[in-house]
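A.B. asks: Attaching a single structure in structure tokens format; questions to follow.
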Amino acid sequence: MRYVRMLTNRWRVFPLLLVLSGIGLAEGGEARRLNLYNWSDYVGKHTLRTFEQRFGVKVNQDLFASNEELLAKLQAGARGYDIIVPSDYMVRIMSKLGLLEPLEHAKLPNLTNLDERFRHLPYDPAGEYAIPYAWGTSGIGIREDKVEAPVVSLGTLFDPRYRRKLTLLDDMRETIGLALKYLRYSVNTADPHALEEAKELLLRQKPLVKAYSSTQYKEMLLSGDAWVAHGWSGEITAARRENPHVRYIMPQEGGVIFIDNLAIPRTAPHKDLAHAFINFILEPEVSADIHNTVLFGSPNRAARPYLKPPLTDDPHLNPTPEMLARFEFLEDLGDATRLWTRTWTEIKAR
Ligand code: N2P
């Protein structure tokens, strides 16, 4: 009995000890924890642990695989996330819906590290809701030892020689977008005829497709289950470290260029800590470590001296304006979103 009382007493003082030991309690009184909702493979090896140690907190990371999944999760009422990583067009959609917390620039002194070109982006001109995190393109990943080179065209993704050795992103905007590009339309079209043509094309391609996946294609390229993959520049180039036959190509027809961002949901439980995280990511060496790992482009000017090959010298990670001429940013589709969603459902269902 005495033991029981001793134990319960000990546990009663435990929270007090936490405060005294400086671990700190967050807004709202719980132990400090940053909940990050991110794309897969999108931080450096030590990024999260360094933040945990420096700030005496825990970081929890959940993963999403598309902007639409991220939006659906927040709209379904997920309340726990402190930091999310929406792309350009999704920042616009979310800020319009009132899902994002206005950022307090006074808590982000490292903002001055950003390259001037990334400071007034059309989807968030005043930097009110989003801080650019990484940029890249979507294109074609190939196994050079399996596919007849040179690959330059999106046509490779429709080539019957690669039947069942082909993967496409499981992403409505990216995959319908790629079909539209192949047909020489804009990735942001609202024209029902263009969408119908894209649908027919993707349905005809379907027997060739091994998988629609945004998270497994890298492994499939590495294992040889896929020889051709629709995917993202940095991620495919990073796979090359494990197998030098993997290569990323920007298709001549163009594709999608994106800027992903750090943002704080309106419902974030730990807004101060979320600002501290963004400011931490903006540190030159923290930032450079992320980009040297994930091989997506850096918007951080101060990090530039720390960047290394292949990020600094691979031409498909450092495209010239000519190479980018046919690449487009995704835009909010507005009312056409419904038609796009229906088109995608029909493609996936059949
Ligand atoms: C990284 C995912 C790239 C983000 N694994 C595409 N917006």
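The values are calculated or read from the model by the stated rules, or taken from the named source; none is laboratory data. Here the structure is a predicted model, which is why all the values come from computation and not from measurement. In this analysis, Cβ positions are derived from the backbone assuming ideal geometry, glycine residues included, and neighbour counts consider all displayed protein chains. We work out accessible area using only protein heavy atoms, side chains counted, and drop any ligands, DNA or RNA first. Shrake-Rupley method; radii C 1.70, N 1.55, O 1.52, S 1.80 Å.
A.B. asks: How far, in nm, would the chain grow between LEU97 and HIS120 when pulled straight, counting 0.36 nm per residue and subtracting the alpha carbon separation?
C.D. replies: Extending this stretch completely gives an extra 6.2 nm.
A.B. asks: Provide the per residue accessible area, probe 1.4 Å, for segment 169-259, rounded to a whole number of square angstrom.
C.D. replies: Roughly 35 Å² per residue, with all protein chains present.
A.B. asks: Determine, from the Cβ-Cβ distance of TYR306 and HIS193 and an R0 of 56 Å, the FRET efficiency 1/(1 + (r/R0)^6), rounded to the nearest 0.05. Mind dumping the intermediate values first?
C.D. replies: Values: r = 49 Å, r/R0 = 0.87.
After rounding, the FRET efficiency stands at 0.70.
A.B. asks: Tell me the Kirkwood hydrodynamic radius of segment 189-263 in angstroms, computed as one over the mean inverse distance between distinct C-alpha pairs.
C.D. replies: Across segment 189-263, the inverse of the average 1/r is 14.5 Å.
A.B. asks: Then there's this: When the Cα centres of segment 213-267 and segment 167-201 are compared, how far apart do they sit, in Å?
C.D. replies: Value for the Cα centre distance between the two parts: 19 Å.
A.B. asks: Highest mean first, how do 128-140, 195-207 rank when packing is the count of other Cβ atoms within 10 Å averaged over residues?
C.D. replies: Values: 128-140: 23.5, 195-207: 16.2.
Sorting 128-140, 195-207 by mean packing, highest first, produces 128-140, 195-207.
A.B. asks: Follow-up question, since we're still on this one. So which of LYS45/LYS96; LYS45/LYS146; LYS181/LYS308; LYS218/LYS308 end up more than 24 Å apart by C-alpha?
C.D. replies: LYS45/LYS96; LYS45/LYS146; LYS181/LYS308
A.B. asks: Pulled fully out, how much extra length does the chain show between LEU183 and PHE55, if you take 0.36 nm times their separation in residues and subtract their Cα-Cα distance?
C.D. replies: Between LEU183 and PHE55, full extension yields an extra 41.0 nm.
A.B. asks: To the nearest 0.05, how large is the calculated FRET efficiency for HIS46 and ARG241 if R₀ is 25 Å and r is the Cβ-Cβ distance?
C.D. replies: E(calc), rounded to 0.05, equals 0.90.
A.B. asks: What helices in the chain pass both tests, a Cα length along the helix axis of 30 Å or more and a mean Kyte hydropathy of 1.0 or higher, using whole DSSP H runs?
C.D. replies: none
A.B. asks: Please report, in Å, the Rg and the Dmax of the chain, where both are computed over Cα atoms only.
C.D. replies: 22.2, 80
A.B. asks: For the chain, what does -39500 (n - 2.57) per DSSP helix run (n ≥ 4), summed and divided by total residues, give at 222 nm, in deg cm²/dmol to the nearest 500?
C.D. replies: -10500 deg cm²/dmol
A.B. asks: Which loop trypsin sites (Lys or Arg not before Pro) in segment 38-115, with loop taken from DSSP, have no more than 12 other Cβ atoms within 10 angstrom of their Cβ?
C.D. replies: LYS45, ARG79
A.B. asks: Starting from the residue with the highest accessible area, list VAL152, VAL294 in decreasing order, probe 1.4 Å.
C.D. replies: VAL152, VAL294
A.B. asks: How far, in nm, would the chain grow between ALA65 and GLU285 when pulled straight, counting 0.36 nm per residue and subtracting the alpha carbon separation? Walk me through the intermediate numbers first.
C.D. replies: Working: separation 220, 0.36 × 220 = 79.20 nm, distance 2.70 nm.
Value of the extension gain: 76.5 nm.
A.B. asks: Between VAL152 and GLU219, with labels modelled 7 Å along Cα→Cβ, what's the label distance in nm to one decimal, could you check?
C.D. replies: 3.6 nm
A.B. asks: Which whole-number percentage describes the relative contact order of segment 146-289, with Cα contacts under 8 Å and a sequence gap of 6 or more?
C.D. replies: Relative CO of segment 146-289 lands at 29 percent.
A.B. asks: Got a sec to turn the phi values of segment 301-317 into Karplus ³J(HN,Hα) couplings, 6.51 cos²θ - 1.76 cosθ + 1.60 with θ = phi - 60°, whole Hz, x for Gly and Pro?
C.D. replies: Going residue by residue, I get 5, 5, 7, 3, x, 9, 7, 10, x, x, 4, 8, 10, 6, x, 7, 9 Hz, with x marking Gly and Pro.
A.B. asks: About the Cα centre of the chain, what is the dipole size in debye to 20, counting +1 per Lys and Arg Cβ and -1 per Asp and Glu Cβ, all else neutral?
C.D. replies: My answer is approximately 1300 debye.
A.B. asks: With both bridge residues required to lie in the chain, what share of the DSSP beta bridges run antiparallel, to the nearest 5%?
C.D. replies: 60 percent
A.B. asks: Separate question: For segment 94-150, which whole-number percentage of the solvent-accessible area (1.4 Å probe, protein heavy atoms only) is attributable to carbon and sulfur atoms?
C.D. replies: Numbers: 1430 of 2690 Å².
Carbon plus sulfur share of accessible area: 53 percent.
A.B. asks: Once amide H atoms are built 1.01 Å from N in the peptide plane, which residues 5 or more positions from LEU121, or in another chain, come under 5 Å H to H?
C.D. replies: Excluding prolines and chain starts, which carry no amide H, the hits are GLY127.
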